[in-house]
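Trainee: This structure is in structure tokens; I'll ask about it shortly.
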Amino acid sequence: MAITAGKVLGSFVGFLVVVALLFAGYTAVVLKWSYSAGERAGFMQKLSTKGFVCKTWEGELQLVALPGSMPEKFLFSVRDDAVAARINATMGKRVALTYEQHIGIPTSCFGETEYFVTDVKEVPN
């Protein structure tokens, strides 16, 4: 039984298909499964779209700090355009962001951070 170029090419293509299916399955599980979820409050500082190929919404929330302490920034991503529009409407105001943390996302095409905001509420002063 001789090994031909067609058999080698067929095996290689089959291997690539299996690797692509495993990668797609892993990515789907990581995006669906949430490691943690919570809420952070602060002042909306920035929200913009980034990326050459994969456009994602990336933002900054300045967390409310104790007097005399250094303010902390919460970096996040938004997948839903409707949520991004609602966040843009609250720019500069005090808000509470509901988020999910997804660990192990294999590419930055889904967002630059592991924190994905799912809802925003304006907090009265």
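Trainee: Normalised by the residues of the stretch 18-97, what does the relative contact order come to in percent, with Cα pairs under 8 Å and at least six apart?
Mentor: So the answer I get is 31 percent.
Trainee: Putting +1 on Lys and Arg Cβ atoms and -1 on Asp and Glu Cβ atoms, find which of Gly111, Ser34, Leu22 reaches farthest to the positive end of the dipole of the chain.
Mentor: So the residue furthest toward the plus end is Leu22.
Trainee: Could I ask something else about it? Please report the net charge: other residues with Cβ closer than 12 Å to the Cβ of Ala65, K and R +1, D and E -1.
Mentor: In short, 0.
Trainee: Loop only by DSSP, 15 or fewer other Cβ within 10 Å of the Cβ. Give me the chymotrypsin sites (Phe, Trp or Tyr not before Pro) in the stretch 42-125 that pass, ordered by residue number.
Mentor: Phe52
Trainee: Kindly report the accessible area of the chain per residue (heavy atoms of protein chains, probe 1.4 Å, no ligands, DNA or RNA), in Å².
Mentor: 66
Trainee: For the chain, take N as its residue count and report Rg(C-alpha) divided by 2.2 N^0.38 Å.
Mentor: Working it through for the chain, the quotient is 1.50.
Trainee: Turning to a different aspect of this structure: Where is the GNM fluctuation largest for the chain (alpha-carbon springs, 10 angstrom cutoff): Val83, Val95, Val18?
Mentor: Of Val83, Val95, Val18, the most mobile in the Gaussian network model is Val18.
Trainee: Would you give the gap between the C-alpha center of the stretch 88-104 and the C-alpha center of the stretch 59-75, rounded to a whole Å?
Mentor: Measuring centre to centre over Cα atoms gives 13 Å.
Trainee: For Asp119, enumerate residues with amide H under 5 Å from its amide H, sequence gap 5+ or separate chain, H modeled in the peptide plane.
Mentor: Under 5 Å from the amide H of Asp119: Thr98.
Trainee: Once both axes come from the Cα atoms, what is the angle between helix 5-32 and the longest principal axis of the chain, in degrees from 0 to 90, rounded to 10?
Mentor: Between helix and principal axis, roughly 20 degrees.
Trainee: Placing unit charges on C-beta atoms (Lys and Arg positive, Asp and Glu negative, everything else neutral), compute the dipole magnitude of the chain about its Cα centre in debye, rounded to 20.
Mentor: That gives the chain a dipole magnitude of about 180 debye.
Trainee: Considering only protein heavy atoms and a 1.4 Å probe, what is the carbon-and-sulfur percentage of the accessible area of the chain?
Mentor: Ligands and nucleic acids excluded, carbon and sulfur give 64 percent.
The values are calculated or read from the model by the stated rules, or taken from the named source; none is laboratory data. None of these values were measured; they are calculated from a predicted model. Cβ coordinates were reconstructed from backbone atoms using ideal geometry, including for glycine residues, and neighbour counts include every protein chain displayed. The protein model used for the area step is the full one, side chains on, heavy atoms only, and it has no ligands, DNA or RNA in it. Shrake-Rupley method; radii C 1.70, N 1.55, O 1.52, S 1.80 Å.
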